[in-house]
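The values are calculated or read from the model by the stated rules, or taken from the named source; none is laboratory data. In this text the structure is predicted, and so the values were computed from the model without any measurement. Glycine also receives a Cβ, built like all others from the backbone with ideal geometry; neighbour counts cover every protein chain displayed. Heavy atoms of the whole protein, side chains included, go into the accessibility calculation; ligands, DNA and RNA do not. Shrake-Rupley method; radii C 1.70, N 1.55, O 1.52, S 1.80 Å.
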Amino acid sequence: MLAEVIDALAIAPGECHVDATFGAGGYSRAMLAAGARVYGFDRDPDAIVAGRALEAESGGALTLVPATFSAMEAELVARDAVPVDGVTLDIGVSSMQLDQAERGFSFQTDGPLDMRMSQEGPTAADFVNTADESDIADVLHDYGDEPRARRVARAIVAARPITRTGELAHVVRRALGYKPHDKKDPATRTFQALRIEVNRELGELADGLAAAERVLKPGGTLAVITFHSGEDRLVKRFLRERSGSMPGGSRHLPELLIKEKPSFEEVGRAVRAGEAEIARNPRARSATLRTARRTSAAAWSSTGSSKGA
(Lines give C-alpha, C1' and ligand atoms only; values in the text may rest on other atoms or scores of the structure.)
Protein backbone atom coordinates (compact mmCIF):
# COMPACT_ATOMS: atom_id res chain seq x y z
CA MET A 1 0.00 0.00 0.00
CA LEU A 2 2.88 2.31 -0.84
CA ALA A 3 0.83 4.86 -2.78
CA GLU A 4 -1.81 5.13 -0.05
CA VAL A 5 0.83 5.58 2.67
CA ILE A 6 2.75 8.28 0.78
CA ASP A 7 -0.56 10.00 0.05
CA ALA A 8 -1.45 10.03 3.74
CA LEU A 9 1.98 11.30 4.80
CA ALA A 10 1.78 14.26 2.36
CA ILE A 11 5.54 14.76 2.63
CA ALA A 12 6.96 18.23 2.09
CA PRO A 13 10.64 18.60 1.09
CA GLY A 14 12.89 18.86 4.12
CA GLU A 15 10.62 16.93 6.48
CA CYS A 16 11.99 14.19 8.74
CA HIS A 17 10.31 10.77 8.53
CA VAL A 18 10.77 7.38 10.16
CA ASP A 19 10.46 4.22 8.08
CA ALA A 20 10.13 2.00 11.13
CA THR A 21 10.15 -1.26 9.14
CA PHE A 22 12.78 -0.68 6.46
CA GLY A 23 12.70 -4.18 4.90
CA ALA A 24 13.63 -3.91 1.24
CA GLY A 25 13.47 -0.10 1.41
CA GLY A 26 10.33 0.58 -0.63
CA TYR A 27 8.85 3.18 1.71
CA SER A 28 12.23 4.83 2.30
CA ARG A 29 12.82 5.22 -1.45
CA ALA A 30 9.44 6.91 -1.88
CA MET A 31 10.05 9.18 1.11
CA LEU A 32 13.48 10.16 -0.22
CA ALA A 33 11.97 10.86 -3.65
CA ALA A 34 9.52 13.25 -1.95
CA GLY A 35 12.45 15.15 -0.42
CA ALA A 36 12.37 13.76 3.12
CA ARG A 37 15.18 13.07 5.55
CA VAL A 38 14.63 9.42 6.52
CA TYR A 39 15.57 7.19 9.44
CA GLY A 40 15.09 3.54 8.50
CA PHE A 41 14.75 1.01 11.32
CA ASP A 42 15.07 -2.75 11.03
CA ARG A 43 16.04 -5.44 13.52
CA ASP A 44 16.98 -7.83 10.71
CA PRO A 45 20.73 -7.48 10.03
CA ASP A 46 20.23 -8.75 6.46
CA ALA A 47 17.88 -5.84 5.71
CA ILE A 48 20.41 -3.34 7.05
CA VAL A 49 23.24 -4.82 4.98
CA ALA A 50 21.08 -4.85 1.83
CA GLY A 51 20.05 -1.23 2.46
CA ARG A 52 23.57 0.18 2.73
CA ALA A 53 23.71 0.89 -1.01
CA LEU A 54 20.57 3.05 -0.83
CA GLU A 55 21.94 4.78 2.26
CA ALA A 56 25.13 5.63 0.34
CA GLU A 57 23.19 6.79 -2.72
CA SER A 58 21.02 9.09 -0.59
CA GLY A 59 23.89 11.48 0.10
CA GLY A 60 23.15 11.57 3.82
CA ALA A 61 19.37 11.79 3.52
CA LEU A 62 18.89 8.20 4.75
CA THR A 63 20.22 6.82 8.02
CA LEU A 64 19.76 3.12 8.69
CA VAL A 65 19.28 2.12 12.33
CA PRO A 66 19.81 -1.56 13.22
CA ALA A 67 17.24 -1.68 16.02
CA THR A 68 13.65 -2.60 16.80
CA PHE A 69 11.13 0.15 16.11
CA SER A 70 10.10 0.13 19.76
CA ALA A 71 13.53 1.66 20.42
CA MET A 72 12.94 4.55 17.99
CA GLU A 73 12.69 7.23 20.68
CA ALA A 74 16.09 6.49 22.24
CA GLU A 75 17.74 6.01 18.84
CA LEU A 76 16.34 9.26 17.43
CA VAL A 77 17.15 11.25 20.56
CA ALA A 78 20.74 9.98 20.34
CA ARG A 79 20.86 11.36 16.79
CA ASP A 80 19.21 14.67 17.73
CA ALA A 81 16.34 13.85 15.36
CA VAL A 82 13.28 14.41 17.58
CA PRO A 83 10.55 15.41 16.83
CA VAL A 84 9.72 13.93 13.41
CA ASP A 85 7.03 14.66 10.83
CA GLY A 86 5.91 11.10 10.21
CA VAL A 87 6.26 7.49 11.37
CA THR A 88 5.35 4.55 9.14
CA LEU A 89 5.05 0.96 10.37
CA ASP A 90 4.41 -1.96 7.99
CA ILE A 91 3.87 -4.82 10.42
CA GLY A 92 4.76 -8.48 9.94
CA VAL A 93 7.18 -10.51 7.88
CA SER A 94 8.72 -9.07 4.71
CA SER A 95 8.70 -10.74 1.30
CA MET A 96 12.48 -10.77 1.49
CA GLN A 97 12.34 -12.88 4.66
CA LEU A 98 9.66 -15.20 3.30
CA ASP A 99 11.66 -15.88 0.15
CA GLN A 100 14.76 -17.10 2.02
CA ALA A 101 14.25 -20.76 2.91
CA GLU A 102 17.11 -20.67 5.40
CA ARG A 103 15.23 -18.10 7.52
CA GLY A 104 12.45 -20.60 8.20
CA PHE A 105 9.47 -18.27 7.84
CA SER A 106 7.68 -20.17 5.08
CA PHE A 107 6.47 -23.73 4.53
CA GLN A 108 6.64 -23.28 0.75
CA THR A 109 10.26 -24.46 0.75
CA ASP A 110 11.94 -26.62 3.36
CA GLY A 111 14.40 -24.97 5.73
CA PRO A 112 15.42 -24.80 9.39
CA LEU A 113 12.52 -23.90 11.70
CA ASP A 114 13.94 -20.52 12.70
CA MET A 115 11.64 -17.47 12.13
CA ARG A 116 13.78 -14.97 14.06
CA MET A 117 13.69 -11.50 12.49
CA SER A 118 16.67 -10.32 14.54
CA GLN A 119 18.54 -13.62 14.00
CA GLU A 120 19.09 -13.69 17.77
CA GLY A 121 17.43 -15.53 20.65
CA PRO A 122 15.23 -18.67 20.75
CA THR A 123 13.99 -20.07 17.45
CA ALA A 124 10.57 -21.42 16.50
CA ALA A 125 12.07 -24.90 16.83
CA ASP A 126 13.09 -24.10 20.40
CA PHE A 127 9.51 -23.12 21.20
CA VAL A 128 7.70 -26.08 19.60
CA ASN A 129 10.15 -28.56 21.11
CA THR A 130 10.13 -27.26 24.69
CA ALA A 131 6.82 -25.47 25.34
CA ASP A 132 3.91 -27.14 27.12
CA GLU A 133 1.12 -28.39 24.91
CA SER A 134 -1.30 -25.89 26.46
CA ASP A 135 1.08 -22.98 25.77
CA ILE A 136 1.46 -24.04 22.13
CA ALA A 137 -2.33 -24.28 21.79
CA ASP A 138 -2.78 -20.80 23.28
CA VAL A 139 -0.28 -19.29 20.83
CA LEU A 140 -1.94 -20.97 17.84
CA HIS A 141 -5.38 -19.79 18.97
CA ASP A 142 -4.46 -16.25 20.00
CA TYR A 143 -1.99 -15.37 17.23
CA GLY A 144 -3.09 -17.64 14.39
CA ASP A 145 -6.88 -17.72 14.91
CA GLU A 146 -6.55 -21.51 14.63
CA PRO A 147 -9.98 -22.99 15.54
CA ARG A 148 -8.49 -26.45 16.22
CA ALA A 149 -5.46 -25.22 18.12
CA ARG A 150 -5.53 -28.01 20.72
CA ARG A 151 -5.55 -30.71 18.06
CA VAL A 152 -2.57 -29.14 16.30
CA ALA A 153 -0.68 -28.62 19.56
CA ARG A 154 -1.24 -32.26 20.51
CA ALA A 155 0.10 -33.39 17.13
CA ILE A 156 3.16 -31.13 17.45
CA VAL A 157 4.05 -32.49 20.88
CA ALA A 158 3.60 -36.08 19.67
CA ALA A 159 5.94 -35.46 16.71
CA ARG A 160 8.77 -33.78 18.65
CA PRO A 161 11.55 -33.05 17.95
CA ILE A 162 10.66 -30.90 14.93
CA THR A 163 13.53 -28.97 13.35
CA ARG A 164 12.45 -28.22 9.76
CA THR A 165 9.66 -26.14 8.24
CA GLY A 166 8.68 -29.08 6.05
CA GLU A 167 8.32 -31.34 9.08
CA LEU A 168 6.09 -28.88 10.90
CA ALA A 169 3.92 -28.28 7.84
CA HIS A 170 3.46 -32.04 7.41
CA VAL A 171 2.45 -32.46 11.07
CA VAL A 172 -0.14 -29.67 10.85
CA ARG A 173 -1.57 -30.86 7.53
CA ARG A 174 -1.90 -34.41 8.84
CA ALA A 175 -3.64 -33.16 12.00
CA LEU A 176 -6.13 -30.97 10.17
CA GLY A 177 -6.55 -32.77 6.88
CA TYR A 178 -5.29 -31.28 3.64
CA LYS A 179 -6.13 -31.66 0.00
CA PRO A 180 -3.87 -30.11 -2.66
CA HIS A 181 -6.82 -28.21 -4.19
CA ASP A 182 -7.70 -26.49 -0.88
CA LYS A 183 -7.64 -22.70 -1.21
CA LYS A 184 -5.57 -22.17 1.94
CA ASP A 185 -2.90 -24.45 3.33
CA PRO A 186 -3.88 -25.35 6.92
CA ALA A 187 -0.27 -24.79 8.00
CA THR A 188 -0.61 -21.05 7.28
CA ARG A 189 -2.20 -20.20 10.64
CA THR A 190 0.36 -22.19 12.64
CA PHE A 191 3.33 -20.59 10.90
CA GLN A 192 1.86 -17.11 11.40
CA ALA A 193 1.24 -17.74 15.10
CA LEU A 194 4.72 -19.10 15.76
CA ARG A 195 6.33 -16.17 13.94
CA ILE A 196 4.38 -13.68 16.04
CA GLU A 197 5.34 -15.52 19.24
CA VAL A 198 9.04 -15.90 18.41
CA ASN A 199 9.41 -12.22 17.51
CA ARG A 200 7.12 -10.83 20.24
CA GLU A 201 5.35 -8.96 17.47
CA LEU A 202 2.26 -7.76 19.33
CA GLY A 203 4.27 -6.52 22.31
CA GLU A 204 6.70 -4.85 19.93
CA LEU A 205 3.80 -3.21 18.09
CA ALA A 206 2.28 -1.85 21.32
CA ASP A 207 5.66 -0.45 22.40
CA GLY A 208 6.28 0.95 18.91
CA LEU A 209 2.96 2.80 18.79
CA ALA A 210 3.71 4.44 22.14
CA ALA A 211 7.21 5.37 20.95
CA ALA A 212 5.79 6.89 17.75
CA GLU A 213 3.39 8.97 19.84
CA ARG A 214 6.35 10.37 21.79
CA VAL A 215 8.52 11.28 18.76
CA LEU A 216 5.88 12.78 16.46
CA LYS A 217 5.56 16.56 16.34
CA PRO A 218 2.13 18.27 16.44
CA GLY A 219 0.56 17.73 13.03
CA GLY A 220 2.83 14.75 12.35
CA THR A 221 1.33 11.62 10.80
CA LEU A 222 1.33 8.03 12.01
CA ALA A 223 0.67 5.37 9.35
CA VAL A 224 0.34 1.71 10.28
CA ILE A 225 -0.24 -1.23 7.92
CA THR A 226 -1.28 -4.54 9.49
CA PHE A 227 -1.94 -7.98 8.01
CA HIS A 228 -3.47 -9.82 10.97
CA SER A 229 -6.68 -9.21 12.92
CA GLY A 230 -4.87 -9.17 16.27
CA GLU A 231 -2.48 -6.49 15.05
CA ASP A 232 -5.29 -4.39 13.61
CA ARG A 233 -7.34 -4.63 16.81
CA LEU A 234 -4.34 -3.40 18.79
CA VAL A 235 -3.76 -0.43 16.45
CA LYS A 236 -7.46 0.43 16.30
CA ARG A 237 -7.79 0.40 20.09
CA PHE A 238 -4.64 2.49 20.56
CA LEU A 239 -5.80 5.17 18.13
CA ARG A 240 -9.37 5.22 19.42
CA GLU A 241 -8.15 5.63 22.98
CA ARG A 242 -5.52 8.23 22.18
CA SER A 243 -8.04 10.25 20.14
CA GLY A 244 -10.64 10.19 22.93
CA SER A 245 -12.99 8.00 20.90
CA MET A 246 -13.28 5.02 23.23
CA PRO A 247 -16.84 4.02 24.24
CA GLY A 248 -18.10 5.22 27.60
CA GLY A 249 -18.47 1.87 29.32
CA SER A 250 -21.56 -0.18 30.15
CA ARG A 251 -23.41 -1.63 33.13
CA HIS A 252 -20.82 -4.44 33.10
CA LEU A 253 -17.69 -2.27 32.79
CA PRO A 254 -16.95 1.03 34.52
CA GLU A 255 -16.55 4.11 32.33
CA LEU A 256 -12.96 4.58 31.21
CA LEU A 257 -11.27 7.16 33.37
CA ILE A 258 -9.40 9.13 30.72
CA LYS A 259 -6.88 11.37 32.44
CA GLU A 260 -5.02 12.61 29.39
CA LYS A 261 -5.88 14.97 26.54
CA PRO A 262 -6.19 13.36 23.09
CA SER A 263 -2.74 12.93 21.56
CA PHE A 264 -4.17 12.12 18.12
CA GLU A 265 -6.98 13.71 16.15
CA GLU A 266 -10.12 11.66 15.50
CA VAL A 267 -9.13 8.71 13.35
CA GLY A 268 -10.43 8.20 9.83
CA ARG A 269 -11.68 4.95 8.32
CA ALA A 270 -9.37 2.05 7.57
CA VAL A 271 -8.05 1.78 4.02
CA ARG A 272 -7.78 -1.53 2.15
CA ALA A 273 -5.62 -2.41 -0.83
CA GLY A 274 -7.18 -1.91 -4.26
CA GLU A 275 -7.83 -4.69 -6.77
CA ALA A 276 -4.84 -3.74 -8.92
CA GLU A 277 -2.42 -4.02 -5.99
CA ILE A 278 -3.94 -7.32 -4.86
CA ALA A 279 -3.47 -8.68 -8.38
CA ARG A 280 0.22 -7.69 -8.25
CA ASN A 281 0.71 -8.81 -4.65
CA PRO A 282 -1.85 -11.30 -3.27
CA ARG A 283 -0.49 -10.74 0.27
CA ALA A 284 -1.99 -7.22 0.13
CA ARG A 285 -5.47 -8.78 0.29
CA SER A 286 -5.27 -8.81 4.10
CA ALA A 287 -3.58 -5.41 4.47
CA THR A 288 -5.26 -2.67 6.52
CA LEU A 289 -3.93 0.90 6.67
CA ARG A 290 -4.81 3.19 9.57
CA THR A 291 -3.51 6.74 9.85
CA ALA A 292 -3.81 9.48 12.44
CA ARG A 293 -2.45 12.98 12.94
CA ARG A 294 -0.69 14.00 16.13
CA THR A 295 -2.14 16.79 18.27
CA SER A 296 -0.15 19.22 20.41
CA ALA A 297 -1.08 17.37 23.63
CA ALA A 298 1.62 15.58 25.60
CA ALA A 299 2.18 11.87 24.95
CA TRP A 300 0.17 9.72 27.32
CA SER A 301 1.70 8.06 30.35
CA SER A 302 1.46 4.27 30.61
CA THR A 303 -1.49 4.77 32.98
CA GLY A 304 -3.47 7.10 30.71
CA SER A 305 -6.71 5.19 31.28
CA SER A 306 -8.06 2.52 33.56
CA LYS A 307 -7.58 -0.05 30.80
CA GLY A 308 -4.15 1.04 29.55
CA ALA A 309 -3.09 0.93 25.91
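In the set 233, 285, 269, only one residue is out of contact with any Leu (no Cβ under 7 Å at 6 or more places or on another chain), assigned to a helix (DSSP H, G or I), within 26 Å of residue 143 (Cα to Cα) and at pLDDT below 90; that residue is 285. Residue check: residue 32 meets all listed conditions (1) free of Cβ contacts under 8 Å to residues at least 60 places away in the same chain; (2) outside any helix (DSSP H, G or I) but one, namely (2).
For every residue, the table says whether it meets (1) modelled with pLDDT of 95 or more; (2) buried (at least 17 other Cβ atoms within 10 Å of the Cβ); (3) on the phi > 0 side of the Ramachandran plot.
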{"site": "158", "(1), (2), (3)": "yes, no, no"}
{"site": "178", "(1), (2), (3)": "no, no, no"}
{"site": "183", "(1), (2), (3)": "no, no, no"}
{"site": "212", "(1), (2), (3)": "yes, yes, no"}
{"site": "215", "(1), (2), (3)": "yes, yes, no"}
{"site": "249", "(1), (2), (3)": "no, no, yes"}
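Of the residues that make up the stretch 91-104, is at least one surrounded by fewer than 23 Cβ atoms within 10 Å (Cβ to Cβ) and in contact with a Ser or Thr (Cβ under 7 Å, 6 or more places away or on another chain)? Yes, the stretch 91-104 contains a residue that is surrounded by fewer than 23 Cβ atoms within 10 Å (Cβ to Cβ) and in contact with a Ser or Thr (Cβ under 7 Å, 6 or more places away or on another chain). Looking across the stretch 51-70 at every residue that is assigned to a helix (DSSP H, G or I) and out of contact with any strand residue (DSSP E or B) (no Cβ under 8 Å at 6 or more places or on another chain), the one that is nearest to residue 224 (Cα to Cα) is identified as 70. Evaluate the following for residue 279: is it farther than 16 Å from residue 244 by Cβ and either in contact (Cβ under 8 Å) with a residue 40 or more places away in the chain or open to solvent by 80 Å² or more (accessible area, probe 1.4 Å) (or both)? So residue 279 passes the test. The set of residues in the stretch 160-172 being open to solvent by less than 60 Å² (accessible area, probe 1.4 Å) and more than 16 Å from residue 188 (Cβ to Cβ) consists of 162 alone. Out of 62, 113, one residue alone is open to solvent by less than 10 Å² (accessible area, probe 1.4 Å) and closer than 24 Å to residue 213 by Cα. It is 62. The condition (being touching a Phe, Trp or Tyr at 6+ places or on another chain (Cβ under 8 Å) and on the phi < 0 side of the Ramachandran plot) is satisfied by just one residue among 134, 106: 106. Out of the stretch 121-138, which residues are in a helix (DSSP H, G or I), without any contact (Cβ under 8 Å) to a residue 12 or more places away in the chain and among the aliphatic types (A, V, I, L, M)? Scanning the stretch 121-138 gives no hits. Here is a check on your reading of the model: is residue 208 surrounded by fewer than 22 Cβ atoms within 10 Å (Cβ to Cβ), within 30 Å of residue 11 (Cα to Cα) and of a type in the set (Gly, Ala, Ser)? Criteria not met by residue 208. Here the condition is being without any contact (Cβ under 8 Å) to a residue 60 or more places away in the chain and not in a helix (DSSP H, G or I); of 167, 146, it holds for 146 alone. Residues of the stretch 24-58 that are on the phi > 0 side of the Ramachandran plot and buried (at least 21 other Cβ atoms within 10 Å of the Cβ): 25 alone.
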